[in-house]
Amino acid sequence: MALRIAQVAPLVETVPPESYGGTERIVSYLTEELVRFGHDVTLFASGGSTTKAKLVPVSERSLRSDPDVKDPLSRSILEIEELLKRAEHFDLLHFHDGYLHFPLSRRLQIPTVTTMHGRMDLPDLVPVFREFPEVPLVSISDQQRKPLPFANWIATVQHGIPDDLYSFRPDPEEYVAFVGRICPEKRPDRAIEIAKQVGIPLKIAAKVDKTDEQYFQAEIQPLLDSSLVEFVGEINEPEKNVLLGGARALLFPIDWPEPFGLVMIESLACGTPVIAFDCGSVPEVLEDGKTGFIVKTVDKAVKALQNIGSLSRRVCREEFERRYTSARMAENYLTTFEQLRQAAVSAAK
């Protein structure tokens, strides 16, 4: 049975984003798979988004690219209103943008579900989720939900990407990669230290947000003086495919409760194993000694990198195909959607 589904995306980036933007990228992959499966999908997103679903553009362009937007909340309010105007035409509403809509979800007769894409360990979240204990939530890892065990977690659906988006590379070049954002919790300084100790070139492909410019200038820029370290900057999807595919390993030396870590599965799709610190979702995404090494210290990371050749790049790709395709992600969401619809039917009787 085809469902009429509303996908409600954040407005910070386009769907899909032109470069960096994990949540919007996942919304795009999920939306396109749901359309491919034959469902009637409407995407509420920023102007400039591209999709095979019906698009309701809420803003002229992504908020990140619009210097005239001083209060992003104003656009989120408009997005909710655009959704409300059409709500009766949907079987289910799927939100991806925080909790602003929770009072709405409580009062609507239509089933809703919210995927939480960010960290859940912030104290300010506790009173909100205690007030709305009935709102159905999806986590992107089991670890993500631990700070709020009382919330209405109905499923964990791990991220997935199209199986043809990244190319398998059996023969890497002689460098390692760091991909993501330059910020304290991602610990690019650790990546630099690991690469320097091993004596292998490191390519850093990362964006620097305005909030992290001071950290970049004070803490990271002084470390870029080595001939081993190349700062590439922000890259797009095709460039990431080349960079990750050519790397002997992806360094993921995080120091925060990572909700998922999309770049890990992007790396596995290329056949590139991951050396990651044991934080957040890492043990759920990687299998230690099979698709990468999970470590707790820089010294352990150095030893892992020295032994990276013992891991099979073919096995990394096979594990990606088994666990992390966008088709598998969409199937898992559809199972959750059907459970919500059945519960709504039962409650109405």
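The values are calculated or read from the model by the stated rules, or taken from the named source; none is laboratory data. Here the structure is a predicted model, which is why all the values come from computation and not from measurement. Cβ placement follows ideal geometry from the backbone for every residue including glycine, while neighbour counts extend to all protein chains displayed.
Structure summary
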| read-out | value |
| --- | --- |
| E321 being of a type outside the set (A, V, I, L, M, F, W, C), assigned to a helix (DSSP H, G or I) and touching an Asp or Glu at 6+ places or on another chain (Cβ under 7 Å) | yes |
| Residue that is touching a strand residue (DSSP E or B) at 6+ places or on another chain (Cβ under 7 Å), within 20 Å of P273 (Cα to Cα), modelled with pLDDT of 95 or more and not charged (D, E, K, R), where the choices are Y175, Y166 | Y175 |
| Total residues in segment 250-281, condition among the hydroxyl-bearing types (S, T, Y) and either at pLDDT below 95 or under 16 Å from Q143 (Cβ atoms) (or both) | 1 |
| Residue check for V126: within 19 Å of H101 (Cβ to Cβ), in contact with a strand residue (DSSP E or B) (Cβ under 6 Å, 6 or more places away or on another chain) and outside the structural domain of S281 (by TED's automatic domain parsing) | no |
| Filter pass, R130 being at pLDDT below 95, over 24 Å from D209 (Cβ atoms) and exposed (fewer than 13 other Cβ atoms within 10 Å of the Cβ) | no |
| Test set (1) over 15 Å from the mean Cα position of the chain (by Cα); (2) at pLDDT 95 or above; (3) part of a helix (DSSP H, G or I) - E284 fails condition number | (1) |
| Helices (runs of 4 or more DSSP H) wholly inside segment 1-117 that include at least 1 residues being among the charged types (D, E, K, R) and surrounded by 15 or more Cβ atoms within 10 Å (Cβ to Cβ) | 22-36, 72-86 |
| Residue among L55, L78 that alone is out of contact with any Lys or Arg (no Cβ under 7 Å at 6 or more places or on another chain) and under 26 Å from E134 (Cα atoms) | L78 |
| Test: T272 is assigned to a helix (DSSP H, G or I) and among the β-branched types (V, I, T) | no |
| Residue in segment 130-144 that is among the small types (G, A, S) and either more than 16 Å from the chain's Cα centre (by Cα) or in the same structural domain as L223 (by TED's automatic domain parsing) (or both) present | no |
| Scope segment 295-307; condition surrounded by fewer than 21 Cβ atoms within 10 Å (Cβ to Cβ) and either of a type outside the set (D, E, K, R) or within 14 Å of S267 (Cβ to Cβ) (or both); matching residues | T297, V298, V302, Q306, N307 |
| Matching strands (runs of 3 or more DSSP E) fully within segment 127-240 where at least 3 residues are without any contact (Cβ under 8 Å) to a residue 60 or more places away in the chain | 202-207, 229-231 |
| Answer from G118, G98 - the residue that is at positive phi and either modelled with pLDDT of 95 or more or outside the structural domain of A247 (by TED's automatic domain parsing) (or both) | G98 |
| Selection within segment 13-45 - among the aliphatic types (A, V, I, L, M) and within 14 Å of the chain's Cα centre (by Cα) | V15, I26, V27, L30 |
| Filtered residues of segment 76-99 (kept if within 22 Å of the chain's Cα centre (by Cα) and more than 20 Å from L340 (Cβ to Cβ)) | S76, E79 |
| Search result, residues across segment 101-115 that are in contact with a Phe, Trp or Tyr (Cβ under 7 Å, 6 or more places away or on another chain) and either of a type in the set (D, E, K, R) or modelled with pLDDT under 95 (or both) | R106, I110 |
